[in-house]
Amino acid sequence: MPTKVVLCDTPDGLARLQYALITSGADLEIEVVTDGLRAVEVSARLRPDIVVLETGLGGLEGSELIRRIRATVPDTSVICWTEGGSLVGVAEMLGAGAVAYVLKEDGPEAVLRAMRTVHAGSIALGPRIAAQLAKQMVRDSERTTDLESALENVSEQLDSLTTAKADFIANVSHELRTPVTIAKGIAYVLRNPALAEQEREEFVAQLEASLEKLTELIDEMLAVADLDRGTLSLEVEETDLAPVLRQLAEDAGRRYDTVPLDLEVPETLVGAADPVRFTEIVRQLLDNACRFSPAGGEPVLLKGRVMDEGVLVSVTDRGEGLAREVASRAFEEPFTAGEEILRKERAGAGVGLHLARQLVIEHGGIMWADPLPAGGTRVSFVIPARPGARVPGAETPASPAARAPTPTGSGPEARLPHRV
């Protein structure tokens, strides 16, 4: 018994396809039509085994044409024979009820192969569609792998954030507890009317120092928040930074009177800076260096000079040293301390390096840290000499770096570090 086939296509397409089917030697009973509505009518009358459709003839076409034929003759197998097609379109046609999809560029022979496959009860795809599908499956597999990797990274970041939050609370609580405890104790003592005037003044001075420390900590936290929100603005101007460095050295000498401090700064040191924020940068570095330097040991060195790239400032201490991975984490993450929170012996909320580096980036500069072979750490930064300029390799404020830059050479006297 011959296989009943209805062909629906343009006259040229019908000629190619009908010739290929007739010359194939297959036992076929063929009916041809040139529009979708006629294909539905003929299918309803002949109840063919197979309908081969060009799905883009106009009028009744595409998935709607396939649904109409399948609703009219549910046992008929529909093969799409068309020009081009995306995988989304292929999926739409198969979802409408087609059992095969063949591109005309694959030739009429592909239709014959699809008819044999369909007759055997399987679904058929032309070679080009199959190749596209294979590539898409590979891409989907790679994307799935990438998404799984990204999900794993997000999970690790969430775990890290949870840990960082706990560390932040412990760290800041540790920093707040000391001045608050001191202030409470002094307030209690000051209630004593018999307290000598000289002792009262000493206690008031300690109270002021404790409140000043609390104010500094709050200001640092607010500055970090402004940087994260992108709301921090600088008033950059061409400024002689030498007097600023001298004043900062004097202030550090008074605050850390047991730590010797050397200053190497030229008579003038002109750079493009917001004087207030520049002061904050250097103050943070000096505080870190002095806090981690032993009393009466080798001096902390504050050095400034002009380079081709801009103004270079470095702070060197000869303390225990800061491991490069710790320095990198401190650059990137606020409230990262250089020692375990529960074993902290030194003051500091772990804001300094992060805040200083972000302010340097806002200036269009770059900052890096060098652990020294003999012990200690040198932290250096360069900011532009002129307003509006940027130091080579500097980031934009909105683009956080993946890692802290690694310097080349032996330190600030060498050329600027390459970014890694």
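The values are calculated or read from the model by the stated rules, or taken from the named source; none is laboratory data. No experiment lies behind these values; they were computed from the predicted model shown. Ideal geometry is used to build each Cβ from the backbone, glycine not excepted, and the neighbour counts take in all protein chains shown. For accessibility, only protein heavy atoms count, side chains too; no ligands or nucleic acids. Shrake-Rupley method; radii C 1.70, N 1.55, O 1.52, S 1.80 Å.
Okay, here's what the table says:
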read-out	value
Given (1) surrounded by fewer than 16 Cβ atoms within 10 Å (Cβ to Cβ); (2) within 17 Å of residue 279 (Cα to Cα), number of the condition residue 197 does not satisfy	(2)
Failed item, numbered, when residue 64 is tested on (1) within 46 Å of the chain's Cα centre (by Cα); (2) closer than 18 Å to residue 124 by Cβ	(2)
Matching residues, the range 1-15, being among the β-branched types (Val, Ile, Thr) and either over 23 Å from residue 121 (Cβ atoms) or assigned to a helix (DSSP H, G or I) (or both)	10
Matching option when the condition is at pLDDT 90 or above and assigned to a strand (DSSP E or B), among 312, 285	312
Residues of the range 275-284 satisfying the condition of being open to solvent by 10 Å² or more (accessible area, probe 1.4 Å) and of a type in the set (A, V, I, L, M)	276
